[in-house]
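Undergrad: The structure follows.
Every number here is computed from the coordinates shown, using simple stated rules; none is lab data. Nothing here was measured: the structure is a model prediction, and the numbers come from that model. Virtual Cβ from ideal backbone geometry, glycine too; neighbours counted across all protein chains shown.
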Amino acid sequence: MQEKVKEIIKSRQGFIAALDQSGGSSKKTLANYGIAETTYKTEAEMFDLIHKMRSRIITSPSFTADHILGVILFEHTMMHKVEDLDTADYLWQKKNILAFLKVDVGLSEMTQGVKLLKDIPNLDDKLKMAKTKNIVGTKMRSVIYEPNAEGIKMVVDQQFALAEQIAKYDLIPIIEPEVDIYTVEKFGCEQILKAEIEKHLATCNFDVIFKFTLPELDNFYDDLLTNSHVLKIVALSGGYTREKANMLLKRNKNMIASFSRALLEGLNVNQTDEEFNQALKENITSIYEASWQK
């Protein structure tokens, strides 16, 4: 199965939808969706509302393998069902779409211009569970704020160490070392980041996907694809509007989208199904075209 998955990732047109908002970002996501914080009282209620929103997206007739290659899920979503099927099973069996799992548990405090991943408790147990739930890969996000060589090295070292652990479970790690779009020395950060990644790829013996901030220099990361272990390079929207993210993505010929906030732009809980499906279709179509119609 995993060889088939890798072939799908390398050859199928589509983008990766990021529906992995965590406890830290769910309140804002729900607010943007039209659900005020006063509507719910507990974290469990919040996550149930988020799951309903994600289920509405996933089951929409606008959400198909014609445009969507994969979906990144939050652990709560993986453990819940969509129309009586586990979420990953619904995605594959009903939509022919791959499921990835966000495995990180957030960021540590700033150190040397970066925010490393917090320690991930029981990661092995989480990876074993992901396999039983038919997840094909994982994702973990660090953030870089300054062109601090030691800090960026720490980010890349940590990401690759975790990726190696994940790959041992026959899962495909998505490495996401985000460069904050507001840093004044963004290109300097990207240069250091790319150099550190190239060092690791020189000895890497497992397959990876990279998720990068849209770069200052168009096509900056393209030559990483010459390494046979790099299956895909995808882009996060990083705080850009959907229009701006799509414009930048179109200029990067070998990157596809893995957008979260930009994918949800304009969706509202009070929309009729017709209105919701049309708004989602417009978002998906524009992101797909930015990914593939360069």
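Undergrad: State which residue pairs qualify: first residue over 19 Å from Lys28 (Cβ atoms) and inside segment 269-294, second residue part of a helix (DSSP H, G or I) and not charged (D, E, K, R) in any location, beta carbons under 6 Å apart, and separation of 6 or more residues or different chains.
TA: Matching pairs, first to second residue: Ser286/Asn246; Ala290/Asn246; Ala290/Leu249.
Undergrad: Let me ask something additional. So which helices (runs of 4 or more DSSP H) stay within segment 1-101 end to end and still have 2 or more residues that are closer than 19 Å to Leu127 by Cα and in contact with a helix residue (DSSP H, G or I) (Cβ under 8 Å, 6 or more places away or on another chain)?
TA: 75-78, 87-95
Undergrad: Check off (1) touching a residue at least 40 places away in the same chain (Cβ under 8 Å); (2) in contact with a Pro (Cβ under 9 Å, 6 or more places away or on another chain); (3) surrounded by fewer than 21 Cβ atoms within 10 Å (Cβ to Cβ) for Val155 and give me the number that stays unchecked.
TA: For Val155, the failing item is (3).
Undergrad: Ok, one more. Can you name the residue in segment 178-198 that is in contact with a Ser or Thr (Cβ under 9 Å, 6 or more places away or on another chain) and of a type in the set (A, V, I, L, M) and is also surrounded by the most Cβ atoms within 10 Å (Cβ to Cβ) among such residues? I'd like the intermediate steps shown before the answer.
TA: So in segment 178-198, the residues in contact with a Ser or Thr (Cβ under 9 Å, 6 or more places away or on another chain) come out as 178-181, 186, 189-190.
Still in the list and also of a type in the set (A, V, I, L, M): 179, 181.
On the way: Val179: 30, Ile181: 17.
My answer is Val179.
Undergrad: Within the set of pairs 6+ apart or on separate chains, which have a first residue in segment 1-13 that is in contact (Cβ under 8 Å) with a residue 12 or more places away in the chain, a second that is part of a helix (DSSP H, G or I), and C-beta atoms under 9 Å apart?
TA: Taking only residues 6 or more apart or on different chains, the pairs are Gln13/Tyr288; Gln13/Ser291; Gln13/Trp292.
Undergrad: Say we look at segment 247-274 and pick out the residues that are over 16 Å from the mean Cα position of the chain (by Cα) and assigned to a helix (DSSP H, G or I); which of these is surrounded by the most Cβ atoms within 10 Å (Cβ to Cβ)?
TA: Taking the candidates together, the pick is Leu248.
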